[in-house]
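Colleague: The structure under discussion is supplied below as structure tokens; questions concerning it will follow.
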Number of protein chains: 2
Amino acid sequence: METIQYNLPQSRIPRTWSNILPALPAPLAPPLHPGTLKPLGPDDLAPLFPMSLIMQEVSAEPEIEIPEAVRQIYAQWRPSPMMRARRLEKALDTPAHIYYKYEGQSPAGSHKLNTAVAQAYYNKQDGTRRLSTETGAGQWGSALAMACAFFGLECKVYMVRVSYDQKPYRRALMEVFGASVTASPSNETDSGRAILAVHPDSPGSLGIAISEAVEVAAKDGQTKYALGSVLNHVLLHQTVIGQEAIEQMAMAGEDPDVIIGCAGGGSNFAGLAMPFIGLKLKGRSQARVIAVEPAACPSMTRGRFTYDFGDTVHLTPLVKMHTLGSTFVPPGIHAGGLRYHGMAPLVSHVVDLGLAEAVSVQQLDAFAAGVEFARAEGIVPAPESNHAVAEAIRQALFARQEGIKRTILFNLSGHGHFDMQSYIAYHAGMLENYEYPAGEIALALAGLPSVG
Amino acid sequence: METIQYNLPQSRIPRTWSNILPALPAPLAPPLHPGTLKPLGPDDLAPLFPMSLIMQEVSAEPEIEIPEAVRQIYAQWRPSPMMRARRLEKALDTPAHIYYKYEGQSPAGSHKLNTAVAQAYYNKQDGTRRLSTETGAGQWGSALAMACAFFGLECKVYMVRVSYDQKPYRRALMEVFGASVTASPSNETDSGRAILAVHPDSPGSLGIAISEAVEVAAKDGQTKYALGSVLNHVLLHQTVIGQEAIEQMAMAGEDPDVIIGCAGGGSNFAGLAMPFIGLKLKGRSQARVIAVEPAACPSMTRGRFTYDFGDTVHLTPLVKMHTLGSTFVPPGIHAGGLRYHGMAPLVSHVVDLGLAEAVSVQQLDAFAAGVEFARAEGIVPAPESNHAVAEAIRQALFARQEGIKRTILFNLSGHGHFDMQSYIAYHAGMLENYEYPAGEIALALAGLPSVG
């Protein structure tokens, strides 16, 4: 029998998160205070995050210990499986070997639970009573709602309006876990009201929803804020994915030639890629590392690498990242988790350093790839993950053209069980690609702050 | 770290399905031809099933080899995990140890893929071009659609009307795999038209949908019929669950005192229970074995153990089973997979022999249990599986009352990702329990054929 699953025992759940920061050839640009434009100190973030997470944000330690209580919860689904997509290989008639790390087996259905559990744990330790957050597609919101249920925290979720309307079942899932879910922009916050005053029919965006969630945390001493991507500590928590994958690729006796992840805020991509980039920096891997973003929200491939706000209402610090401008509202593509105007500073930085490259995929190509994958492998990917699938298939077809064996590893960051409305729309021919007129991007970039 | 997952390597996927029939103290009553009322011969079933499956239906072999091609596909998710629900134990403050075998990690999201892959394989071997089937909740239809995609077979699904309307995403999932899905009763078949003529607003039932699917297969030489439960060969294919669980319980160093599965047609219950009943018959287990049915469709707890038709239009053979009468249409409870008027003859038989017992659970208790489980363990169970969860929790609370440790093992047959509408209805207070007036059951039973 051919091996399909590469499974590690519970004892091989990583004991530390691996922090790429100290190994990078150049340091990250520091985040700036939105008022003073001076580099932030830890205390500036204290209203939003427990100090333990703030310290992780700037840590120079190469390894950060995972608390035993967090590993104990990870043990329900970690180490996650690495699978070989042998039926897809046959369907593509490719000499490539296609592996995927499957994060959809977490009870939340995506990689997001890796950091949700960690953030809920540190907040519980710190005496936080409630967490507020935003969610796009709903993967992050449901992961945080679940983690809050585990630790007895209240959870308040601002869900981007377009996803809220498209995905009632995602909302229902958060409510099963006891979370309170509000469509964003909402009338509950000054930020939401300000947007609605100008755009009463706003479809919302992650940038807006972040403003609402941050505002609530900043105003309420017992509420802290939790972010599902972008920040260093969030990406750090995802590095269990890549650490496990390194061990699983060794089990398979292969070295990946290409490593692929979809990237919206950047966390699932970073989770898989950073440990391999660590190997590259040590000369122990030659892999190409590819971040795949949607053509409809092309922060890396068409944005600018500069300082910008993380949110639309400019309550957050400025960070140096690939961005389309904090007021950019992408069209309502169904890969809601990829509708963020910026990219994690750490991911932006490694792309800038040439340690990873960025490509974009159109929506219809992403769904076509997802359906092809599903028919071969059974798993229906989340629309976000379809971008990684599309690039993996493209690489496998290049390998066929060139007639060479190539080992491809991609992150299947979540399943699409709560995203079937987008598959219905795809099959009904209601989805389309989006080509930005050159002027539209230029206009958005013209509004960027001139800082740093 | 406490052990949560009990995982077996791919090499421990069972090599055979285990057939309880030859070990039972009394034989199953034979199925009868609907025309002659004489015991069926294998040829009578040949229009519907490939001979390989017909032979499994009546096999006297204690072990039946699993084809390597089927094991190769099983390898994507089998052996399935057995988990210890430690957070649920703590939430219930019970000395009981609660284990669950989790079948929701199959790409189809339930145990149904175990037999779907086997049936698609044997049909492919036999030259079948298309499979027709019925589905209630949609678990079976999506599993068969997926298996047909793997083997290049066409797939035609008659989906019970009430589920078709409640679960558009389940339908979308089947369509991703290329299946054709029709609401039942439909105008496509004589059976469907006959029902619609009398009940134009019929919510449908599994019995009606079976009639439609059987009719299509009987009339088309290239189409065969596939059933997701009830028949011996279907239950046989599910015995991988119990075989793995026996090995996993040994890993955990425990002997289950109580074994629980929900039962609609009986296949997930049988899959877990039959291998343990095999141990009981050898004196190697003392476990209580409990089949849990919905109070709204109480075939075992309030029906009669007698010969009845498997479908509403009386195209199928008569089988001896616990039944409420083949024209019984249960109220539209959301556990669509449990809305069958009968019970697998094999399950009925072991209950009749006293080797298993049957209990019923009301809908609201099932959902309350499912939400409690989800908040503790993260996994949102399918509404069907909630019945097993409810009984497991009840047993754990008995153990607390009695102050004794008890080892409980239940089958979490699938996740509820495609059933969130029923959780929305539950939270909105729109679901209710159903108490049958005594006369209503008696009336249904009065219509039973007097045979055998």
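The values are calculated or read from the model by the stated rules, or taken from the named source; none is laboratory data. Note that the structure is a prediction, hence the values are computed from the model and not measured. Quick reminder, even Gly has a Cβ in these numbers, built from the backbone with ideal geometry, and neighbours come from all protein chains shown. Quick note on the areas: whole protein, heavy atoms, side chains included, nothing else; ligands and nucleic acids left out. Shrake-Rupley method; radii C 1.70, N 1.55, O 1.52, S 1.80 Å.
Colleague: Magnitude of the Cβ-charge dipole of the protein assembly as shown, K/R +1 and D/E -1, about the Cα centre, nearest 20 debye?
Modeller: 960
Colleague: How far, in whole Å, is the closest Cβ of chain A from the axis that maps A onto B, and which residue does it belong to?
Modeller: Looking at chain A's Cβ atoms against the axis toward B, the nearest is A:His417, 2.
Colleague: Restrict the search to the stretch B:110-193; then list the trypsin sites (Lys or Arg not before Pro) that DSSP places in a loop and that have at most 15 other Cβ atoms within 10 Å of their Cβ.
Modeller: Counting only loop positions with at most 15 other Cβ atoms within 10 Å, the trypsin sites (Lys or Arg not before Pro) in the stretch B:110-193 are B:Arg129.
Colleague: Tally the DSSP beta bridges in the protein assembly as shown and give the antiparallel ones as a percent, rounded to 5.
Modeller: Details: 38 of 104 bridges.
Taking every DSSP beta bridge with both residues in the protein assembly as shown, the antiparallel ones total about 35 percent.
Colleague: How much of the DSSP beta bridge set in chain B is antiparallel, as a percent to the nearest 5?
Modeller: That works out to approximately 35 percent antiparallel.
Colleague: Can you grab the distance from the C-alpha centre of the stretch B:354-390 to the C-alpha centre of the stretch B:104-164, Å, no decimals?
Modeller: What the calculation gives is 25 Å, centre to centre.
Colleague: Report the full-extension gain for the segment B:Arg129 to B:Gln222: residue separation times 0.36 nm, less the Cα-Cα distance, to one decimal in nm. Write out the running numbers ahead of the final one.
Modeller: Numbers: separation 93, 0.36 × 93 = 33.48 nm, distance 0.55 nm.
Extra length available between B:Arg129 and B:Gln222 comes to 32.9 nm.
Colleague: Of A:Thr239, A:Gly416, B:Ala183, which is farthest on the positive side of the dipole of the protein assembly as shown, counting Cα position, with +1 on Lys and Arg Cβ, -1 on Asp and Glu Cβ, and the Cα centre as origin?
Modeller: About the Cα centre, the residue reaching furthest to the positive side is A:Thr239.
Colleague: What average count of beta carbons from other chains do you get within 10 Å of the Cβ of residues in B:351-359? Let's see the in-between values first.
Modeller: Working: counts 0, 0, 0, 0, 0, 0, 0, 0, 0.
If you average over the peptide's residues, the count of other-chain Cβ atoms is 0.
Colleague: Going by Cβ distance under 4.7 Å, what cysteines of chain B have no possible disulfide partner?
Modeller: Cysteines of chain B left without a disulfide-compatible partner: B:Cys262, B:Cys297.
Colleague: Okay, next question. Give the nm distances, rounded to one decimal, from B:Ala446 to the matching residue in every other copy, measuring between label points 7 Å along Cα toward the beta carbon; shortest first.
Modeller: For B:Ala446, the other copies' label points sit at 8.3 nm, shortest first.
Colleague: Just tell me how shielded B:166-172 is by partners: mean number of partner chain Cβ atoms within 10 Å of each residue's Cβ, no decimals.
Modeller: 4
Colleague: Pop a pseudo-label 7 angstrom from the Cα along the beta-carbon direction at both B:Asn433 and A:Leu364 and give the gap in nm to one decimal.
Modeller: 5.5
Colleague: Same structure again: Would you count, across chain B, every pair of lysines whose alpha carbons are under 16 angstrom apart, provided the pair is eight or more residues apart or spans two chains?
Modeller: Lysine pairs meeting the criterion: 7.
Colleague: If you don't mind, another one. Run the simple label-point estimate for B:Arg288 and B:Lys405 please: 7 Å along Cα→C-beta, distance reported in nm.
Modeller: 1.9
Colleague: Go ahead and estimate [θ] at 222 nm for the protein assembly as shown from helices alone: -39,500 (n - 2.57) per DSSP H run with n ≥ 4, summed, over the residue count, rounded to 500.
Modeller: Rounded to the nearest 500, it is -12000 deg cm²/dmol.
Colleague: Another question, then. Can you tally the net charge around B:Tyr158? Count Lys and Arg as +1, Asp and Glu as -1, for every other residue whose Cβ sits under 15 Å from the Cβ of B:Tyr158.
Modeller: 0
Colleague: Just the accessible area per residue of the stretch A:96-150, please: how many Å² with a 1.4 Å probe?
Modeller: Per-residue accessible area for the stretch A:96-150 comes out at 16 Å².
Colleague: Determine the dipole magnitude for the stretch A:351-448: charges of +1 sit on the beta-carbon of Lys and Arg, -1 on that of Asp and Glu, nothing else is charged, the reference point is the Cα centre, and the result goes in debye to the nearest 20.
Modeller: Rounded to the nearest 20 debye, it is 400 debye.
Colleague: Under a 1.4 Å probe, what is the accessible area of the stretch A:219-370 per residue, stated in Å²?
Modeller: Numbers: 4000 Å² over 152 residues.
I get 26 Å² per residue for the stretch A:219-370.
Colleague: Now, a different point. How far is A:Asn187 from the same spot in each other copy, in nm, shortest first, if each label point sits 7 Å from Cα toward Cβ?
Modeller: In ascending order, 4.6 nm.
Colleague: Counting only Cα, what are the radius of gyration and maximum Cα-Cα distance Dmax of the protein assembly as shown, in Å?
Modeller: My reading of the Cα-based Rg and Dmax gives 27.4, 91 Å.
Colleague: Could you work out the Rg to Rh ratio of chain B, with Rh taken as the Kirkwood radius (inverse of the mean 1/r over all Cα pairs)?
Modeller: 0.94
Colleague: Let me ask something additional. Considering only protein heavy atoms and a 1.4 Å probe, what is the carbon-and-sulfur percentage of the accessible area of the stretch B:294-452?
Modeller: Whole-percent figure for carbon plus sulfur exposure: 52.
Colleague: Mind checking the mean number of beta-carbon atoms from other chains within 10 Å of the Cβ atoms in B:415-424?
Modeller: 5
Colleague: With a 1.4 Å probe on protein heavy atoms only, tell me which residues of the stretch B:90-106 lose at least 10 Å² of accessible surface in the complex relative to the chain by itself.
Modeller: Buried on complex formation: B:Gln105.
Colleague: Measuring label to label, 7 Å along Cα→Cβ, what does B:Met251 give against each other copy in nm, shortest first?
Modeller: Copy-to-copy label distances at B:Met251, shortest first: 1.2 nm.
Colleague: List the accessible area buried at the contact between A and B, summed over both sides and calculated with a 1.4 Å probe, in Å² to the nearest 100. Please report the intermediate quantities before stating the final value.
Modeller: Numbers: alone 16510 and 16540 Å², together 28880 Å².
So the total buried area for this chain pair works out to about 4200 Å².
Colleague: May I ask you to find the residues of the stretch B:60-83 that are shielded by at least 50 Å² of accessible area once the whole protein assembly is considered instead of their isolated chain (probe 1.4 Å)?
Modeller: B:Gln72, B:Gln76
Colleague: Could I ask something else about it? So if I take the centroid of the Cα atoms in the stretch B:248-277 and the same for the stretch B:60-100, what is the distance between those two points in Å?
Modeller: 9
Colleague: Specify the inter-centroid distance of the stretch A:1-56 and the stretch B:179-246, based on alpha-carbon positions, in whole Å.
Modeller: Comparing the Cα centres of the stretch A:1-56 and the stretch B:179-246, I get a distance of 52 Å.
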